[in-house]
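Structure record follows, encoded as structure tokens.
Every read-out reported here was derived from the displayed coordinates using simple, explicitly stated rules and does not represent laboratory data. On a predicted model such as this, the values are computed, not experimentally measured, just so you know. Every residue, glycine as well, gets a Cβ built from its backbone with ideal geometry; the counts of neighbours run over all protein chains shown.
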Amino acid sequence: MTLFSAGVSDADKRIALRAGLDSGTLQRWPGAFSPLVAKLVADIGFEGVYVSGAALSADLGLPDIGLTTLTEVAARGGAIARATDLPTLIDADTGFGEPMSAARTIATLEDAGLAGCHLEDQVNPKRCGHLDGKEVVPAEEMIKRLAAAVGARRDPNFVICARTDARGVEGLDSAIERAKAYVDAGADLIFTEALADLGEFERFRAEVDAPLLANMTEFGKSELLTADQLGALGYNAVIYPVTTLRLAMGAVERGLRQIDGQGTQAGILDDMQHRARLYELLRYADYNDFDDSIFTYSRPREQS
Ligand SMILES: C[C@](O)(C(=O)O)[C@H](CC(=O)O)C(=O)O
Ligand SMILES: [Mg+2]
């Protein structure tokens, strides 16, 4: 990182994302609900950052039912992507409209500095992939969505990930058939949404010849598999989409209740990120050095 933006260009981040997917090692992409969280994800040593639609809409006080706009998502996603040298993959829901809108979505997300995005085969308005009652569009419609997206890409390394929600609607066989068709339509990566257990992940891996992404979201339909298990299965990437938001909100709620009940937060300081750690992540000292060097700088003719 430089002080004011990422130290790695958008193009190089996309190259890194592709290299990670080709590496044979599971790429771990925790969801970052803010630029600051993205800095922590990088600091701890993960391979990439994920921006969740569920977290982004929850952060705006909205349910994850397709209410957010492309402008909101691109602005927040761009701010998160710029805060780290890691590549960032963003949730683009159903593409924010019909195929032509999906094409514009890709151009906009590229301009915002994202390394890739996923588009899903749900109808609009969409639902969380782990809830009952969601619906999918016919495969042909999703193929048009994808073809428009792939055609709109200017950087050939921008990763277009196709998510199929069909497992919970039409069953595993249909989800696998759809995934194959989406690969043929140009998808670089397949997001296998809401598979039930290890056996289903194994079957998907055996039948689909493309990089695969697993969604380890909590309180949903999928068994929580470890990174070692997913790596051994041959999965290429895993997201923990809403995990950091759930952790933070759990802590915030406990803390607010403590203040409400005890009249002070003094007893829960250990649950907090220390001021010193925050400043370390933000590189406060480096900004001070920068500032000092400007204030002590004087032009040669003033020096005599
Ligand atoms: C991955 C996801 O699309 C997201 O927006 O983060 C959600 C996650 C969730 O609601 O738990 C999904 O799986 O639909
Ligand atoms: Mg989502």
In vacuum, with every alpha carbon of segment 189-294 counted as one equal point scatterer, what does the Debye formula give for log10 I(q)/I(0) at q = 0.12, 0.21, 0.22 Å⁻¹? Two decimals, please.
-> -0.68, -1.00, -1.06
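If you count, for each residue, the other Cβ atoms within 10 Å and average over each peptide, how do 59-70, 258-269, 226-237 line up from highest to lowest? Walk me through the intermediate numbers first.
Values: 59-70: 14.2, 258-269: 10.7, 226-237: 17.2.
The densest-packed peptide leads the list: 226-237, 59-70, 258-269.
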Centroid-to-centroid separation of segment 44-97 and segment 182-243 [C-alpha atoms, Å] | 20 Å
The chain, convex hull of Cα, quarter of hull surface, nm² -> 19.7 nm²
So what is the orientation-averaged projected area of segment 250-298, using the convex hull of its C-alpha atoms, in nm²?
-> 4.7 nm²
Compute the acute angle (0 to 90°) between the alpha-carbon long axis of helix 198-207 and the principal axis of greatest extent of the alpha-carbon atoms of the chain; round to the nearest 10°.
-> 70 degrees
As a percent rounded to 5, the proportion of antiparallel DSSP bridges among beta bridges in the chain is 5 percent
Can you count the Lys pairs in the chain with C-alpha separation below 28 Å, eight or more apart or on different chains?
-> 12
Mind checking the dipole of segment 61-210: about its Cα centre, +1 per Lys or Arg Cβ, -1 per Asp or Glu Cβ, Debye to the nearest 20?
-> 440 debye
Per the helix-only calculation at 222 nm, which mean residue ellipticity applies to the chain, given -39500 (n - 2.57) for every DSSP H run of n ≥ 4 and division by its residues, nearest 500 deg cm²/dmol?
-> -14500 deg cm²/dmol
Mind listing the Cα extents of segment 80-206 along all three principal axes, in Å, largest one first?
-> 37, 30, 26
Output the relative contact order of segment 10-243, whole-number percent, from Cα pairs under 8 angstrom with separation of 6+ residues.
-> 21 percent
In degrees, nearest 10, the alpha-carbon axis of helix 10-22 is tilted away from the dominant principal axis of the alpha carbons of the chain by 50 degrees
For segment 13-62, averaging the sequence separation of alpha carbon pairs under 8 Å that lie six or more residues apart and dividing by its residue count, the contact order in percent is 34 percent
If one takes the longest principal axis of the Cα atoms in the chain, at what angle in degrees, from 0 to 90 and to the nearest 10, does the Cα axis of helix 99-111 lie?
-> 30 degrees
What order do you get for 122-134, 280-292 when each peptide is scored by the mean count of other beta carbon atoms within 10 Å, highest first?
-> 122-134, 280-292
Filtering chymotrypsin sites (Phe, Trp or Tyr not before Pro) in segment 149-229 by DSSP loop and by at most 16 other Cβ atoms within 10 Å leaves Phe219
Dipole magnitude of the chain about its Cα centre (Cβ charges: Lys, Arg +1; Asp, Glu -1), debye to nearest 20 = 580 debye
For segment 1-156, just list the percent of Cα-Cα distances falling in each 10 Å bin from zero outward, please.
-> 11, 40, 37, 12, 1
